[in-house]
Amino acid sequence: MNPPSPPTEPDGEPPRPQGLREQYEAGATVQELVDASGLPYGTLLNRLHEAGTVMRTSWQTRRLREGPQARARLAARLRVLYEKHGATLDELARKAGKSKPATRRLLIEAGAAVRTTRQTRAIRSAPSKAKRQKLALWLRKQYEADKSVPELAKACNFSVATVYRLLREAGTPMRPQHRHGPARQPRKQP
């Protein structure tokens with residue numbers, strides 16, 4: 001929303017305090033009025049006070065300028081990021097340029113169920129769990145193809161204990177203890 005243009009005064013006089021007040025109350029910022037009127041910042045503030053203007057905070061100005069449709073679109077976009085991508089309230093607040101409580105209110109307005117920290121961690125760790133499971137299944141396949149645990153540890157640059165842990169997670173049936181090498185070939189009978 002653009003501020004209304006400053007009222008034209010006869011004979012190039014500066015805008016009247018009442019005219020400045022009307023523009024300010026319509027949503028113009030002090031800086032926009034300074035730019036439009038050519039008055040110094042302090043003089044403009046004095047004229048607004050002289051007209052009995054109730055001053056707003058910056059967030060009140062943003063809210064005044066923010067239409068209901070824009071707010072609803074922002075809330076819907078934040079909800080998608082929150083629910084589908086696992087974004088945290090902190091990340092959403094930074095992205096929206098709002099405070100954490102304001103972002104939370106927007107999510108609730110959009111119909112989102114606010115998660116606990118534990119639920120957020122579970123959503124965010126899902127891709128790494130899938131990657132770990134894929135690695136564990138690959139190690140199991142290699143182990144069942146008669147690779148030894150120390151060989152697998154060296155190939156993956158993991159400790160032997162980590163390879164054992166991943167093999168257990170994959171449900172690998174383990175060979176008897178201390179037999180890490182390939183299966184022995186049966187002796188031929190003469």
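Among the residues of the stretch 48-97, the one identified as farther than 30 Å from residue 122 by Cα, among the hydroxyl-bearing types (Ser, Thr, Tyr), part of a helix (DSSP H, G or I) and open to solvent by less than 40 Å² (accessible area, probe 1.4 Å) is 61. Being polar (S, T, N, Q) and either at pLDDT 80 or above or in contact with a helix residue (DSSP H, G or I) (Cβ under 6 Å, 6 or more places away or on another chain) (or both): is that true of residue 88 here? Here the answer is yes, as residue 88 does meet what is asked. Filtered by the rule that a residue be open to solvent by less than 40 Å² (accessible area, probe 1.4 Å) and of a type in the set (Phe, Trp, Tyr), the stretch 22-45 gives a lone residue, 24.
The values are calculated or read from the model by the stated rules, or taken from the named source; none is laboratory data. Note that the coordinates shown come from a computational prediction; the quantities given were computed from them, not determined experimentally. Virtual Cβ from ideal backbone geometry, glycine too; neighbours counted across all protein chains shown. With ligands, DNA and RNA removed, areas are computed over all heavy atoms of the protein, side chains included. Shrake-Rupley method; radii C 1.70, N 1.55, O 1.52, S 1.80 Å.
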